[in-house]
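The values are calculated or read from the model by the stated rules, or taken from the named source; none is laboratory data. Please read all numbers here as calculations on a predicted model, not as lab measurements. Methodologically, a virtual Cβ is constructed for each residue, glycine included, from the backbone with ideal geometry; neighbour enumeration extends over all protein chains shown. Just the protein is used for accessible areas: all its heavy atoms, side chains included, with ligands, DNA and RNA removed. Shrake-Rupley method; radii C 1.70, N 1.55, O 1.52, S 1.80 Å.
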Amino acid sequence: MRIGLLTEGGYPYASGEAHGWCERLVRGLPGHDFALHALTTDARQDARGPGELPANVRLAGSAPLWGDVPVARRRTAPEHPGGRSAGRRARRRFVEHFGDLVAACAAPAAGERATGAESGADGQADRFASGLYGLADLARAGAALPALLRSEEAVRVLEAVCHGPGAAPVLQGAQVTDLLAATAELEPALRPLALDWYGDAGLAGVDLCHATSAGAAALPGLLAKRYFGTPLLVTEHAVRLREHYLTDPTAPRTAPVRVLLAAFRRALAAETYARAALITAGGTRARRWQERCGADPARLRTVYPGRDAGPFAAVPDAAPDDSATLVWTGAIAPDKDLVGLLHAFAALRREVPAATLRIIGGLGADPEAAGYRAQCRALAAQLFPDEAVDARSAGENPVSFEEFGGPAAPTPADAYDSATVVVLSSAVEGFPRSLVEAMFCGRATVSTDTGAVCEVIGGTGLVVPPRNPRALAEACRALLADPERRARLGAAARARALELFTVEQNVAAFRGIYLELIAQAPGGPAGCGATAGDGVPRPFARPAESRMPEGPSPAGAVRTPSWARAGGRARRTRYGAAGEPAAGQVW
């Protein structure tokens, strides 16, 4: 099976756990061929270049969603006897389609619309789709869409819509600077419509498109579905729309620009969910977001991101002893609430003087991470001054700050092996990777109730409210005082993690989803024998043998046997009663 894998700001340019599931997926399905189409989101990704790809993956296309449009990606209008007339015609079409798109985005939100408004949410969604696909058709016809999106016509269309009677109140006061900023951000967001990815060597030749978000990465999948009937699968571990909502307030944008861009992203997500054959969520929270954004629950499935359990298999179950070591692992950042953890540990030490706390991990991506770590170190020194047992001994602090790779914690497995209890203190959390790793190691856990923690733990650990040091300290004390309970919870946690959160279950889920979607789809893209002359789909109309080479071929070329070509001669024909070939009876 040929899968068009569509990514945005991730695999194969970005590393880390947020994008590692793509790597594990393609390596876990060596029998499928993946045509990777990647959108990069900053200059650092392009400078770094793609990582090493498995043998069954090829980088079929890559394009930036930042900076100016590369010259190689620009499309020029085809030559026409009336070149100036063709240009005017293209501009008129652009004004019409872009006007539909921004009008749908500029309309008041559902709660702001007057009762009995003439155009409801469904009408705005239809108008957005009409504008979106109209711009795509314009680009496919040869128009230079990126240049049009940055043109004076685009600004004038946006101005007329924002200052018109149907626009949201916050957009009525948009200034020229706001309009320029909005068009400058809409152009990269719509850039995938004008890419050269939709030919026979691109997405026209895949059996299924798999987008890693409902944002810009889904745009090529939407066009492949529109032009070729290719099924679209959307996977979101962290909902892209939610990420935009969290980052937009901190971005240097004015209110009209924020409102317009948020509406555009919301409309694009809704269109993606409406057209996708299936949508998978990485957890219940992501699934709830998808449902609130218009996804049909009947086409939603939860597929947990898989983790490799192999490195943790050698860690023995926790012994029911009197050790009292708390271990925290992760990327240090303010949202991890290590300050609250330190205060909780101070309360715990008053009742369990032998307790120690190991904070193991590097700095997170948050620009405030370095300052936050320094603040935590200073707080630990203040709360726990080095104490020595006598006047000649060196004092030690019960709190240590370490990084993986050091002598005390060469690997995460070594860190969890030393833990009596694993602690997660986050105020904000997505899918808690550290908890899954601790569960693989059979360790009891104490966590704050945030993100997907309760869904992952499932009763195999203790959960307390976030930002509550007293509750966190009491839960840790309860487990440290009951070795048998720790052992029971750890064994149950290991069993749960091995059942739900391994790479094997993730790969098996997507293998089944791919087969299911292909079985429900026509036999190939439009124009490849998938439809008859009347346009009615003919499932499995193109035989698999048509993809096999015939005889020696030049490097990279694939020849189709004459008997398998569309319109080719059949070897044998079954005849009807009148002696004529029976329709459709080709052996």
Open item on the list: Could you check the spin-label model distance between SER418 and ALA125? Points 7 Å from the Cα along Cα→Cβ, value in nm.
Closed with: 5.4
Open item on the list: Once you order the gyration tensor axes a ≥ b ≥ c over the Cα atoms, which shape class does the stretch 358-500 get: rounded for a/c under 1.5, otherwise prolate or oblate by comparing a/b with b/c?
Closed with: prolate
- [ ] May I ask you to derive the FRET efficiency for GLU152 and THR284 from their Cβ-Cβ distance with R0 = 45 Å, giving the value to the nearest 0.05?
- [x] 0.45
TODO: Whole number in Å², please: accessible area per residue of the stretch 160-292, 1.4 Å probe, ligands, DNA and RNA not counted.
DONE: 35
Task: Rh by Kirkwood over Cα pairs, then Stokes-Einstein D for the stretch 309-435 at 0.692 mPa s and 37 °C, µm²/s - done: 210
Open item on the list: Run the simple label-point estimate for ARG511 and ARG485 please: 7 Å along Cα→C-beta, distance reported in nm.
Closed with: 4.1
TODO: Within the stretch 329-363, which residues have the backbone N less than 18 Å from the label spot 7 Å out from ALA378 along Cα→beta-carbon, could you tell me?
DONE: 333-335, 337-343
Open item on the list: At 1.306 mPa s and 10 °C, plugging the Kirkwood radius over alpha-carbon pairs of the stretch 115-234 into Stokes-Einstein gives what diffusion coefficient in µm²/s?
Closed with: 99
Task: Hydrodynamic radius (Kirkwood) for the stretch 116-168, which is based on Cα pairs only, to one decimal in Å - done: 12.8
TODO: Could you check the simple spin-label distance between ARG58 and VAL176, using points 7 Å along Cα→Cβ, in nm with one decimal?
DONE: 5.0
TODO: Would you mind calculating the gained length between ARG301 and THR254 on full extension (0.36 nm times residue separation, minus the Cα-Cα distance), in nm to one decimal?
DONE: 13.2 nm
Task: Centre separation in Å (Cα based) which lies between the stretch 453-498 and the stretch 306-383 - done: 15
- [ ] Distance between Cα centroids, the stretch 415-429 to the stretch 193-211: provide it in whole Å.
- [x] 44
Open item on the list: Let me check I have the definition right: for the stretch 259-338, take the eigenvalues of the Cα gyration tensor, multiply each by 5, take square roots. What are those semi-axes in whole Å, largest first?
Closed with: 39, 19, 11
- [ ] Over the stretch 229-370, with every protein chain in place, what whole percent of the accessible area is carbon and sulfur at 1.4 Å, could you tell me?
- [x] 54
- [ ] Take the alpha carbon atoms of the stretch 2-68, find their center, do the same for the stretch 135-162, and report the distance between the two centers in whole angstrom.
- [x] 29
TODO: Pop the C-beta distance of ALA519 and ALA319 into the FRET formula with R0 = 45 Å and round what comes out to the nearest 0.05.
DONE: 0.35
Open item on the list: What does the extension gain come out to for ALA141 and ARG275, with contour length at 0.36 nm per residue minus their alpha carbon separation?
Closed with: 45.9 nm
